[in-house]
Amino acid sequence: MTSTFMGLETARRGMMTQQSALYVTGHNIANANTPGYTRQRVNFTQTEPYPAAAMNRPQIPGQMGTGVEAGSIQRIREGFLDLQYRGENNKLGYWQSRADGLSKMENIMNEPSEDGLSAVMGQFWQSLQDLSVNPENEGTRSVVLERGQAVADTFHYLHDSLSSIQDDLGNEVSVSLRDINSILKKIGDVNKQIGEVEPHGYLPNDLYDERDQLVDQLSQYVDIKVTKVKSEGKPSDMAEGIYDIQLLDATGKSTGKTLVNGSDYVQLGFKGSDNKLAYDPTGNIGDKDLKMFNSTGEKQVGELSLLNSNQEMSFSQGKLRGLIESYGYKTTDAGGNEVDHGTYTEMLDNLDQMAFTFANVFNAIQKKGYGLNDSSTPPDFFNIPAALTKDNYKDASKLIEMADIKPDQIAASSVPGDAGDGSNAINLSNLQGMELSSTSQKLEGTTDTIDLTQLSAIKNGSMQSFYEGMIGKLGVDAQQANRLEKNSDTLRQSVDESRQSVSSVSLDEEMTNMIKFQHAYNAAARNITVMDEMLDKIINGMGTVGR
Amino acid sequence: MRITQNMLSANMLKNLTNSYENMGKYQDQLATGKRINRPSDDPVVAMKGISYRNNLQEVEQFKRNFSEAYNWNENSDSSLDKATQALQRIRELTVQASNDTYDASQRDGIKQEITQLKEQLVQIANTKFGDKYLFNGTDTTEQPVDLTTTPPTVSTNNNPVKIELSKGVYIQVNADPSKVFTLDNSTTPPSGLFGDIDNLINKLSDPNSTGDDINAELGKLDGHLQNVTDARSELGARMNRIQLMENRVDEQEVIANKVMSDNEDADIEKVITNLKAEESVQRAALSVGARIIQPSLMDFLR
């Protein structure tokens with residue numbers, strides 16, 4: 001026999017449960033525009049029916065339902081999509097930073113245009129041709145000097161601009177590392193909070209959201225693998241557990257380096273060549289090197305190598321690597337020598353090679369000729385520090401200067417004292433196209449030859465083709481980076497769309513639910529009214545026969 | 001697939017950004033007239049662009065060099081023309097003087113004229129155009145003939161003045177003065193153009209010289225005339241070659257321009273058509289935007 005008040009209790013439970021569903025609906029609507037928010041759902045479960053199967057159960061027909069309760073409040077989210085999203089976000093981070101660095105470089109090199117390095121050198125070449133035609137003219141000689149100055153200035157400009165962008169990139173590496181470190185710390189903190197809530201059987205949905213969003217952010221910087229570890233105590237079946245985050249390498253394999261382990265986390269440090277880059281608590285990070293520290297930053301717990309044993313880039317893909325690749329990094333080659341790598345480093349190196357070769361070969365050809373009405377060996381045209389050699393030409397593009405040379409000292413002539421001979425000016429103007437691997441480059445107006453291999457830092461081709469190669473490579477690299485940036489952006493967006501499709505709040509849906517729950521609530525309340533009337537009948541209307 | 005309001009507005013934003021980006025690209029192409037503005041737009045075009053620009057610059061430079069070649073040639077030719085005239089007049093006078101009936105005063109008149117003509121030849125040999133002497137090989141800043149010194153000097157510089165008129169092609173533009181304006185002080189009496197004329201003048205002033213003596217100078221004069229003519233025909237032949245080369249370089253300029261333009265210039269009709277198409281896409285994206293913010297269920301519930 002059921003109790004008289006059982007219907008009341010059933011209706012009350014119904015009201016309570018529908019009410020909690022309305023609260024969750026309210027929470028969903030309130031967070032409709034919160035980034036990273038996952039819509040939540042109350043899982044309704046029926047309460048135990050009466051009577052429970054037992055030896056001394058009352059003999060009534062069938063089991064009587066006793067109503068509903070809010071079993072759990074669950075996030076509606078698909079873990080697999082998170083995995084996909086993070087993979088694409090990681091690639092996007094890498095290609096975005098790479099495309100950005102290359103695009104800045106393209107802006108500086110400014111080719112093809114009327115005022116890039118090749119145009120300035122072309123004008124210099126033209127002025128030398130004019131000189132070869134009018135070698136006795138002071139005017140054409142002055143033009144050559146001005147144009148030569150323009151070439152040196154252009155080298156300086158390119159060097160300075162590239163170096164300053166490189167420094168900016170270095171700062172960006174440092175900012176990114178700070179960001180990564182703060183994300184790692186936050187994930188550790190959230191892990192800790194979750195670890196305190198879950199053992200009691202609760203689902204800290206909003207903390208899960210926060211943690212997933214942090215992991216999304218982290219995935220942009222480095223490639224990671226998330227492993228879930230069950231909490232202690234009595235966690236709910238739906239509990240997410242604690243995130244362990246491992247660093248993956250370039251091929252997506254685990255490196256065995258753990259970034260976050262429960263509430264424990266590490267901090268990353270890097271130092272640029274100019275000592276500008278931050279997070280070097282122990283002060284022992286080498287030049288352009290990457291290290292791992294414990295959470296307080298006092299103890300170094302690991303080394304993050306950028307290259308594998310085959311000298312190939314093996315560091316985790318992502319924005320961090322993109323930035324480091326642009327900025328530059330150091331490695332040690334088989335011979336134990338330090339080697340510089342990186343997009344900007346390489347471009348600067350190429351420019352240095354060009355500037356060194358240009359100045360050195362130009363001076364050598366200049367020395368083969370004679371100035372106006374002069375039979376003595378002419379002075380250098382360009383100044384380049386004597387310490388620089390064809391194997392050590394660092395900073396040549398920064399150091400190249402016009403020598404203190406007078407117009408009549410330009411060696412236009414191959415015949416000593418003959419003002420009208422312009423053969424050597426032709427030689428000078430031919431420099432751009434000379435095959436630099438030639439050991440006996442013939443010169444006009446003389447039987448002398450010069451050994452270009454001894455003078456040039458560039459091993460093959462001509463200055464012209466070398467420069468074309470530089471620009472070509474830059475173009476191809478930038479094109480690839482732009483394309484893959486676009487691709488990964490599209491892919492990330494489509495995965496994000498799938499994710500949103502599952503997890504984002506639809507206001508229409510929430511409205512519909514609201515009506516549903518409201519009506520259920522009202523009906524349960526009405527049920528109580530019916531119960532009330534029934535009880536009124538029993539209490540006040542019964543047993544008054546004949547009164 | 002479940003679609004929510006957030007997704008719609010995010011998509012709309014993405015579409016608008018995309019179409020703005022495309023319009024920006026076409027705007028760049030129209031404003032610069034170039035298909036590419038940075039190497040990554042098309043690395044091959046950019047790379048070729050550099051060498052095509054260099055080619056064009058070269059061709060333009062060679063065209064500039066031609067005017068200087070013409071200067072040399074034409075000035076040398078007209079100077080040598082005057083030298084021919086002077087020599088012919090000398091020859092006429094010599095023929096007259098070789099007539100034994102001419103008395104000393106008549107011969108003196110002829111001598112005077114020949115002396116003047118010799119001066120003229122000196123002036124011709126010292127012709128300057130601009131700041132350079134035409135007939136001193138590559139030593140263009142020094143005067144080649146100076147007869148005031150003892151012994152008189154005539155430069156023997158026969159270095160060719162060469163100008164690059166096409167990649168790797170160097171053309172001599174001056175006449176070889178050592179074959180025309182000569183003086184050989186090593187013989188007695190001195191020979192060469194100026195030596196022979198001096199000799200002639202000496203004979204004219206010598207009362208003992210007979211008509212035959214003077215007549216003997218004619219052969220030498222003929223030789224010098226021939227030298228001048230040879231030099232002129234050499235100049236003429238070279239002039240022809242220069243003209244041929246100029247025609248070729250002119251053609252090259254057209255070709256180089258065309259190649260460069262084919263490589264990197266934007267096809268304006270195409271760009272404008274694309275821009276128009278993109279404009280309509282943009283309008284569509286905007287009007288879709290206006291539609292997706294629809295009244296929701298809320299507006300119908302009270």
(message) Quick check on the stretch A:480-547: take the gyration tensor over C-alpha atoms, sort the square-rooted eigenvalues as a ≥ b ≥ c, and tell me if it's rounded (a/c under 1.5), prolate or oblate.
(response) prolate
(request) Counting residues in chain B as N, plug N into 2.2 N^0.38 Å and put the Cα Rg over that result. (result) 2.02
(request) Can you pull the one-decimal nm distance between simple spin-label points at residue A:254 and residue B:18, each 7 Å off the Cα toward Cβ? (result) 3.9
(message) For chain A, what does the accessible surface come to per residue with a 1.4 Å probe? Please give it in Å².
(response) 45
(request) For the stretch A:462-475, just list the computed ³J(HN,Hα) in residue order, Karplus coefficients 6.51, -1.76 and 1.60, θ = phi - 60°, integers in Hz, with x standing in for Gly and Pro. (result) 10, 4, 4, 6, 4, 5, 4, x, 4, 5, x, 5, 4, x
(message) At R0 = 56 Å, how high is the FRET efficiency between residue A:390 and residue B:226 if r is their beta carbon distance? Nearest 0.05 is fine.
(response) 0.50
(request) Can you list which of the GluC sites (Glu not before Pro) found in the stretch A:92-148 are DSSP loop residues with at most 13 other C-beta atoms within 10 Å? (result) A:114
(message) Show me, bin by bin at 10 Å from 0, the whole-percent P(r) of the stretch B:81-231 based on Cα pairs.
(response) 11, 38, 31, 14, 5, 1, 0
(request) Rank these by accessible area, largest first, 1.4 Å probe: B:26, A:208, A:50. (result) A:50, B:26, A:208
(request) Could you calculate the FRET efficiency of residue B:233 with residue B:280 from 1/(1 + (r/R0)^6), where r is the beta carbon distance between them and R0 is 56 Å, rounded to 0.05? (result) 0.20
(request) Quickly work out the residue B:119-to-residue A:300 label distance, labels modelled 7 Å from Cα along the C-beta direction, and quote it in nm with one decimal. (result) 9.5
(request) Give the distance, in whole Å, between the Cα centre of the stretch A:478-506 and the Cα centre of the stretch A:394-438. (result) 55
(request) Please identify which residues in the stretch A:1-37 have an amide N closer than 11 Å to a label point set 7 Å out from the Cα of residue A:534, following the Cα→Cβ vector. (result) A:2-11
(request) DSSP loop (so not H, G, I, E, B), at most 13 other Cβ within 10 Å: list which trypsin sites (Lys or Arg not before Pro) in the stretch B:147-202 pass both filters. (result) B:167
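With the cut-off at 26 Å, tell me which of the pairs B:132/B:179; A:516/A:537; A:473/B:34; A:368/B:132; A:228/A:253; A:104/A:398 have Cα atoms farther apart than that.
On the way: B:132/B:179 19 Å; A:516/A:537 31 Å; A:473/B:34 21 Å; A:368/B:132 24 Å; A:228/A:253 18 Å; A:104/A:398 19 Å.
Violating the 26 Å limit, Cα to Cα: A:516/A:537.
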(request) Provide the solvent-accessible area of residue B:281, counting protein heavy atoms only and rolling a 1.4 Å probe, rounded to the nearest 10 Å². (result) 70
(message) Please list, ordered by chain and number, the residues whose modelled amide H lies under 5 Å from the amide H of residue A:44; skip anything fewer than 5 residues away on the same chain.
(response) A:71
(request) Rounded to the nearest 0.05, what FRET efficiency do residue A:501 and residue A:108 give with R0 = 35 Å and r taken as the Cβ-Cβ distance? Could you check? (result) 0.25
(request) Would you calculate the separation in nanometres between label points at residue B:32 and residue A:34, each defined as 7 Å from the Cα along the Cα-to-beta-carbon direction? (result) 4.7
(message) Could you work out [θ]222 nm for the protein assembly as shown from helices alone, using -39500 (n - 2.57) per DSSP H run of at least four and dividing by all its residues? Round to the nearest 500 deg cm²/dmol.
(response) -19500 deg cm²/dmol
(message) Can you give me the % of accessible surface on the stretch B:71-260 that is carbon or sulfur? Probe 1.4 Å, all protein chains present, nothing else counted.
(response) 47
(message) Buried accessible area between B and A (1.4 Å probe, both chains summed, ligands and nucleic acids excluded), in Å² to the nearest 100?
(response) 4600
(request) Please give the residues from the stretch B:27-41 for which the solvent-accessible area of heavy atoms, probe 1.4 Å, is smaller by at least 50 Å² with all protein chains in place than with the chain isolated. (result) B:38, B:39, B:40
(message) As a test of reading the structure, rank A:309, A:127 by solvent-accessible area (1.4 Å probe, protein chains only), most first.
(response) A:309, A:127
(request) Return the sequence-ordered ³J(HN,Hα) values of the stretch A:517-523 in whole Hz as given by the Karplus equation 6.51 cos²θ - 1.76 cosθ + 1.60 applied to θ = phi - 60°, using x for Gly and Pro. (result) 5, 5, 5, 5, 4, 4, 5
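Sorting A:157, A:521 by accessible area (1.4 Å probe), largest first, what list results?
A:157, A:521
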(request) Under a cut-off of 17 Å between alpha-carbon atoms, report the aspartates and glutamates in cross-link reach of residue A:225, not counting same-chain residues fewer than 8 places apart. (result) A:78, A:82, A:88, A:212, A:216, A:240, A:244, A:249, A:264
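Please state, to two decimals, what the Cα-based radius of gyration of the protein assembly as shown comes to when divided by 2.2 N^0.38 Å (N = residues).
Relative to the 2.2 N^0.38 Å estimate, the protein assembly as shown comes out at 1.63.
Between the DSSP loop rule and a limit of at most 12 other Cβ atoms within 10 Å, which trypsin sites (Lys or Arg not before Pro) in the stretch A:212-253 are left?
In loop regions of the stretch A:212-253 (DSSP not H, G, I, E or B), the sparsely surrounded trypsin sites (Lys or Arg not before Pro) are A:230, A:253.
The values are calculated or read from the model by the stated rules, or taken from the named source; none is laboratory data. Just so it is clear, the model here is predicted, and its values are computed rather than measured. Cβ atoms come from the backbone with ideal geometry, glycine included; neighbour counts cover every protein chain shown. Please note that ligands, DNA and RNA were not included when accessible areas were found on the heavy atoms of the full protein model with its side chains. Shrake-Rupley method; radii C 1.70, N 1.55, O 1.52, S 1.80 Å.
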